[in-house]
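First up is the structure itself, then whatever we jot down about it.
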Amino acid sequence: MKYTVKLYPRAYRDLDEIYSYIALNLTEPETANKMISALEEAVYSLEQFPERGSIRRTGAFANQDYRQIFVKNYTIIYRVHKEKQEVHIVTVRYAPSQF
């Protein structure tokens, strides 16, 4: 059963900002393209596996039925709407490892 993935305006802005930061500030446009591709691949993998991410238990959106998946240093936060068969991508945030 395939779910529809919907990105909120904030998620689109987040992706634009990630691209701009890597491409312009770090002057690494090729790295920026690869990062955005990896993030998009993870987002659209949720069409087939909407619940693959873990329940978000800390930080923003914690304990409100949101899920998260990690791609390199970024966290994709989303919510699964089973009744509509939709996945709503809320935000994509920079989240370096906390060891």
Looking at this structure, is GLN68 surrounded by fewer than 16 Cβ atoms within 10 Å (Cβ to Cβ) and either touching a Gly at 6+ places or on another chain (Cβ under 8 Å) or in contact (Cβ under 8 Å) with a residue 40 or more places away in the chain (or both)?
no
Consider region 41-59. How many of its residues are within 11 Å of the chain's Cα centre (by Cα) and of a type in the set (A, V, I, L, M, F, W, C)?
3
Name the single residue that is farthest from LYS84 (Cα to Cα) among those in region 1-39 being surrounded by 13 or more Cβ atoms within 10 Å (Cβ to Cβ) and of a type in the set (Phe, Trp, Tyr).
TYR21
TYR94: within 21 Å of ILE22 (Cβ to Cβ) and either modelled with pLDDT under 95 or surrounded by fewer than 13 Cβ atoms within 10 Å (Cβ to Cβ) (or both), yes or no?
yes
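What are the residues in region 40-55 that are crowded, with 18+ Cβ neighbours inside 10 Å and farther than 12 Å from VAL80 by Cβ, if any?
Answer for region 40-55, where residues must be crowded, with 18+ Cβ neighbours inside 10 Å and farther than 12 Å from VAL80 by Cβ: ALA42, VAL43.
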Which one of these is outside any helix (DSSP H, G or I), at pLDDT below 95 and of a type in the set (Lys, Arg): ARG57, ARG79?
ARG57
In the set ALA32, ALA38, ALA23, ALA62, which member is within 13 Å of the chain's Cα centre (by Cα) and either assigned to a helix (DSSP H, G or I) or closer than 20 Å to PRO96 by Cβ (or both)?
ALA38
So, in region 65-86, of the ones that are under 11 Å from the mean Cα position of the chain (by Cα) and among the β-branched types (Val, Ile, Thr), which residue ends up farthest from THR31 (Cα to Cα)?
ILE77
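The values are calculated or read from the model by the stated rules, or taken from the named source; none is laboratory data. What you see is a predicted model; the values in this text were computed from it and never measured. Counting neighbours? That spans all protein chains shown, and the Cβs are built from the backbone with ideal geometry, glycine included.
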